[in-house]
Structures are given as structure tokens and as C-alpha cells.
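J.: Can you read through this structure? Questions will come right after.
The values are calculated or read from the model by the stated rules, or taken from the named source; none is laboratory data. Just so it is clear, the structure is predicted and the values come from calculations on it, not from any experiment. Backbone-built Cβ (ideal geometry, glycine too); neighbour counts: all protein chains shown. When the accessible area is computed, the model is the full protein with side chains, heavy atoms only, and any ligands, DNA or RNA have been set aside. Shrake-Rupley method; radii C 1.70, N 1.55, O 1.52, S 1.80 Å.
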Amino acid sequence: MTDVIDGQTQSTDSVLRQLEGGVLTITLNRPEVANALRPDDRNELIRLFEEAGGDPDVRVVVLRANGRHFCAGADVLRVAGDRATKVKRVTGAMYTIMTGAQRLIASVLDCPKPVVSVVQGAAAGIGAHLAYASDLVVVSENAYFAESFVKRGLVVDGGGAYLLPRRIGMQRAKEMVFFGEKLSARDALDLGLVNRVVPVEELDSTTEEFTSRLAVAPTSSIALTKRLFNDSPDVDRTQSFVAEAMAQEIQGYSQDSKEGVQAFVEKRDADYVGW
């Protein structure tokens, strides 16, 4: 384990953390197993996303991975071993899922900072759901998304049944999940699941294009807007309008709203502090 508390870099062996210039980069670091997530890895990700939400030095979060693949999902070998040796208790598995995989996806959705996922290869199961939950997604041309739960006799978990129909529509979501077929990067772009598809050598520069702008943006404005957008599929018009009005009022008292209006009047670039 490596920790540099004075600022910039902290890491465990399997999940790396680096903060620089307002950009928190979280890197999955188990390339030898396609970055499959163990419970400890999952819990570390939850901790990092939850801490990022309350850290004023973090303006944007980048989630990426080392190696050929983004994330192959949960560590299946670990799961298989647990199934073979552990006695199940009523509601025990349900509790584990709700406080594990679902909490991980919720930590991305609920993080008030914009989250950018960088997918260079396979994103399967919970790995795919991490991308679905992100605010912006940059992928390489050879990346793909896969839902392998039904192929293994399982039911989709980690928020997949909530996220996927909302991202690509009910019929395409069912087809993808029922058959477990890969969704290519280009098809994902056509369906609106990702923002950019680029050659692998352009992943860093394209990600930098997003993060450099987000790191100097009015962060609290983005946080409130993110909440409004994420909630919008699940509320009616009246609720949405009330929440929008409340968010407008809250942001109206921020330093960045004052700066933004003043910069517009003075015809200059705004200098946002993030709150």
C-alpha cells in the first residue's frame, strides 16, 4: 500500500488514487484478471467516491483502468467459492447486494462531482454499470459492453435493471441482457450510451479535453444539475419543476453564480471556485 497524504497520490495495490489540479483519478489496477472487482476493491471504490463528494479540492472524478480491459465485473472465482462453501441465510444475499454492488453504483450516481469513465476494452457486468452510471463516457474503438448474468444463470445486479433501460431503451436492453451479446463501441455511441469513441491512443487527450473544462467549471452548479437530470426519469413534471426551482434558488446564493453573472457583464472569462 502506498499513501502520500500531503496531497496528491494515495493507493492500494488494486485501486489507485491520484489528485492533481482538481482532477481525482481512480484507477482499477488488477490487469491480470481484467480488473475484476473483489469485495475489498468495491468497498474502496465506494469510499473514494463518497469522500470525493465532500472534498472541495476535487472538481471532477475520472474512473479508468490499467491493462487491456476496463472491468470484467465481479470476481467470479471468488463468488463461486463463496457459493460452494457458505450457507445462505434468508435476506443475507439481498443485504449483501444492496450494500455492495448497488451501493457502489449509487456512489457514482450520487457523487456531486462529475464522473468521467474511460473504457479501453471490455466492460462487463458491474464494470459496465460503472460506465452507465457515469456522467460522461469516453471509449476506445475496440471497447465493448456486455451483460453476462443470464448466460451464467444469474439475474442482473448492481443497478443494471435500473440503468440500462433508461440509457438505451427497454427493447434493446432486454435483447442485450437476455442473450448476453457484446455491444460494440460504435453501437454504444449510436444508442447514446457513450459520449466519444476514439482510437486507443487518443483516450488520454480526449479525456483531458473533458476534465480540463470540468476542473474549472462551477462545480456546485454541475452537482445540482446532475441531481436534477438523474432524478428526472423517476419523477413527474410537478416534482421536477419544484426541484428545479429549489436548485436555482440554492445556486443563486453561491459564489460562482455571482462570479458568472459579473463575468458576463464585464465580458471576461469567469474564474469559478467550485462553490
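J.: Give me the 1.4 Å probe accessible area per residue for the chain, excluding ligands and nucleic acids, in Å².
T.: Per residue, the chain has 55 Å² of solvent-accessible surface.
J.: Mind pulling up the Rg/Rh value for the range 220-275? Radius of gyration and Kirkwood radius, both on Cα.
T.: On the way: Rg = 13.3 Å, Rh = 12.3 Å.
That ratio is 1.08, to two decimals.
J.: Could you check which residue among F229, F70, F49 shows the biggest mean-square fluctuation in a GNM of the chain with a 10 Å Cα cutoff?
T.: Largest GNM mean-square fluctuation: F229.
J.: To the nearest 0.05, what FRET efficiency results for N43 and R68 with a Förster distance of 35 Å applied to their C-beta separation?
T.: 0.90
J.: Which percent, to the nearest 5, of DSSP beta bridges fully inside the chain are antiparallel? Provide the component values of the computation, followed by the final result.
T.: Values: 13 of 34 bridges.
Expressed as a percentage, antiparallel bridges in the chain total about 40.
J.: Which whole-angstrom value gives the distance between the alpha carbon centres of the range 179-199 and the range 235-263?
T.: Taking the Cα centre of the range 235-263 as reference, the centre of the range 179-199 is 33 Å away.
J.: Let me ask you something else. Just to be sure I follow the rule: in the range 151-275, considering lysines 8 or more places apart or on different chains, how many pairs have Cα atoms under 19 Å apart?
T.: 4
J.: Here is a follow-up. If you average the sequence gap of Cα pairs under 8 Å that are 6 or more apart and divide by the length of the chain, what percent do you get for the contact order?
T.: 15 percent
J.: Note the full-extension length gain between F178 and V76 as 0.36 nm times their separation in residues minus their Cα-Cα distance, in nm to one decimal.
T.: Stretched out fully, the F178 to V76 stretch lengthens by 34.8 nm.
J.: So what does the Cα-only Debye profile of the chain read at q = 0.17 Å⁻¹, as log10 I(q)/I(0), no solvent term?
T.: -1.45
J.: What do you get for Rg/Rh over the range 175-255 if you use C-alpha atoms and the Kirkwood form of Rh? Intermediate results must be reported in sequence, preceding the final value.
T.: Values: Rg = 17.7 Å, Rh = 16.0 Å.
Answer for the range 175-255: 1.11.
J.: Given only helices, namely DSSP H runs of n ≥ 4 each adding -39500 (n - 2.57), what is the per-residue ellipticity at 222 nm of the chain, to the nearest 500 deg cm²/dmol?
T.: Dividing the helical sum by the residues of the chain leaves -14000 deg cm²/dmol.
J.: Next up: Obtain the radius of gyration and the Kirkwood radius of the range 83-203 from its C-alpha atoms and give Rg over Rh.
T.: 1.00
J.: Which number do you get for Rg(Cα) / (2.2 N^0.38 Å) in the range 117-275?
T.: Cα Rg divided by the expected 2.2 N^0.38 Å: 1.24.
J.: For the peptides 151-162, 24-35, what is the packing order when you average, over each peptide's residues, the other Cβ atoms within 10 Å and list the highest mean first?
T.: Ranking, from highest mean packing down: 24-35, 151-162.
J.: Going highest first, how would you order 179-188, 58-67 by mean Cβ packing within 10 Å?
T.: Details: 179-188: 16.9, 58-67: 22.4.
Put in order of decreasing packing, that is 58-67, 179-188.
J.: Could you work out how far apart the two model spin labels at Q171 and E208 are, taking each label as a point 7 Å from the Cα in the direction of the beta carbon, and quote it in nm?
T.: 4.3 nm
J.: For A263 and A243, what does the FRET efficiency come to when R0 = 30 Å and r is the distance between their Cβ atoms, rounded to the nearest 0.05? Before the final figure, lay out the partial values.
T.: On the way: r = 27 Å, r/R0 = 0.90.
It comes to 0.65.
J.: Taking 0.36 nm per intervening residue step and subtracting the Cα-Cα distance, what contour gain separates Y253 from E32 on full extension?
T.: 74.7 nm
J.: Going by amide H atoms built from the backbone, whose H comes under 5 Å of the H on V119, apart from near neighbours?
T.: Sorted by chain and number, the residues that satisfy this are V138, V139, S140.
J.: Along Cα→Cβ, 7 Å out, is where each label goes; now give me the distance between the ones at V150 and E50 in nm to one decimal.
T.: 3.4 nm
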